[in-house]
Structure formats: structure tokens, C-alpha cells
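Below is one structure, written out as C-alpha cells; the observations come after it.
Just so it is clear, none of the values below were taken in a lab; they were calculated from the coordinates. Only a predicted model underlies this, so the values are computations on that prediction, with no experimental measurement involved. Cβ atoms come from the backbone with ideal geometry, glycine included; neighbour counts cover every protein chain shown.
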């Protein structure tokens, strides 16, 4: 879940992210929280700052040096809650990465009525 605020100049700020994780029995809760926070930051970087561009039929971003991550001073507060689970152990991975862009886009829609369907997310884009 994302909370955003929108300024009159059509810029937006992510005020808070809340994630609930159900990864089965948790052995190390802090590790799961850290993995979730990292995945959210990585996903926010793609959603807000980066795009894949092509030149002469090839992707221009060839490695992480062409990728601008969210910095700590740009990151919103992130709350991570661990859902109790009776399921078999499943591991963690990065399940928090894919839903962050849609969560932010939906928060922007709730605040503005504008649907954003392209990354990086920007207000007043066609779509």
C-alpha cells in the first residue's frame, strides 16, 4: 500500500509504504523485513526514476551504472508486517518488488483521478 501527496505543480511524493508479507514460517524476522524494504526501494527506483531506452535496436542501459536507485533521503517511511502463517516454509525472494509500481500508481489515481500506465510514473502523461 502506498500513500502519496500531490502538489499543485503536479509533482507527487510518496509519503508512506506499508507491506504485509506472508512467506510461510519466519526464521529471521529482521532478514525478511530487510529483504522486503530492499525490494520496495529497488521497485520504486524503476517506478519513479528509471526507464529502459533503446538506441539502434539495443538497450542503452547495459549494467547497474546506468541505473539510478532511490537514495535514502528520497525513500519514504516503509512499514513491514509479517503475516502469521501455518503454511510450509516458502522462502522470501523479492515478492515486494512487483507490486510497488501498481501500488504507487493506484495511490496517484486515488489522489488525482489520473491513471498512469507507463514507467517511470509521471503525472500528465498520456495513457
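Checked against (1) closer than 25 Å to residue 3 by Cβ; (2) free of Cβ contacts under 8 Å to residues at least 60 places away in the same chain; (3) outside any loop (DSSP other than H, G, I, E, B), residue 117 passes all but a single condition, namely (3). Only one entry in 111, 103, 83, 107 is under 11 Å from the mean Cα position of the chain (by Cα), farther than 19 Å from residue 52 by Cα and touching a residue at least 24 places away in the same chain (Cβ under 8 Å), namely 103.
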